[in-house]
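The values are calculated or read from the model by the stated rules, or taken from the named source; none is laboratory data. Model, not experiment: these values are computed from the prediction. When we count neighbours, we look across all protein chains shown, and the Cβ atoms used for this are built from the backbone with ideal geometry, even at glycine. Note: accessible area is taken over every heavy atom of the protein model, side chains too, but ligands, DNA and RNA are not part of it. Shrake-Rupley method; radii C 1.70, N 1.55, O 1.52, S 1.80 Å.
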Amino acid sequence: MRSPARLVTGTVGAAFTVIALGLTTAAPSAYAGDVGRLEITPSTATPGATVTVNTTLCGPKGGDGDASDLNAEDFRVRPGTHKEDSVGQFTVPHDTRPGTYEVFVFCHNGKDAAGSLKVIGGGRHEKPSGHVRTGVGGSVEPDSTQVALGVGVIGLAAVGGLWLLRRRSEGTEGS
């Protein structure tokens, strides 16, 4: 036979378990309609791209969009071309780093929608500095010998060109 203390402890534990399970299953259904799905096109974007959001929750009243996770400005969501759609657009800032960001729409009728945008590429880049290493050899820092040889080759080409022009003009005088 079980002791009364053990019987009470087991009963209280079972009661708490039933209450806890009841609360966890009831809570999501009570709030399921408060945050709806936000369709984001394209779902993967690069910095500088224009993104369109679309939801049926706002209806003709529209709403306000929030893409502050991306450091983008707030945007308006207005009724779209389809009867119940509301549409808004924003631009992904050029300095946005790759990652997944949440975008929200707060409808004027009290409903909310949320969706995720994946940003690829971009982000802040450091500007390159210094010489470009291309493997050309001493072209990065020419010395006086290289400069003298370059001037000599150009001078020789100019003299050869003049000689060819003069020779050609001498050949046409006799005709």
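Things to note:
- Elements of type strands (runs of 3 or more DSSP E) contained in segment 60-106, each with 1 or more residues being on the phi < 0 side of the Ramachandran plot and of a type in the set (Phe, Trp, Tyr): 75-79, 86-91
- The set of residues from segment 71-90 being open to solvent by 70 Å² or more (accessible area, probe 1.4 Å) and among the β-branched types (Val, Ile, Thr) comprises just one member, 81.
- Subset tally (residues that are surrounded by 14 or more Cβ atoms within 10 Å (Cβ to Cβ) and basic (Lys, Arg)) for segment 34-70: 1
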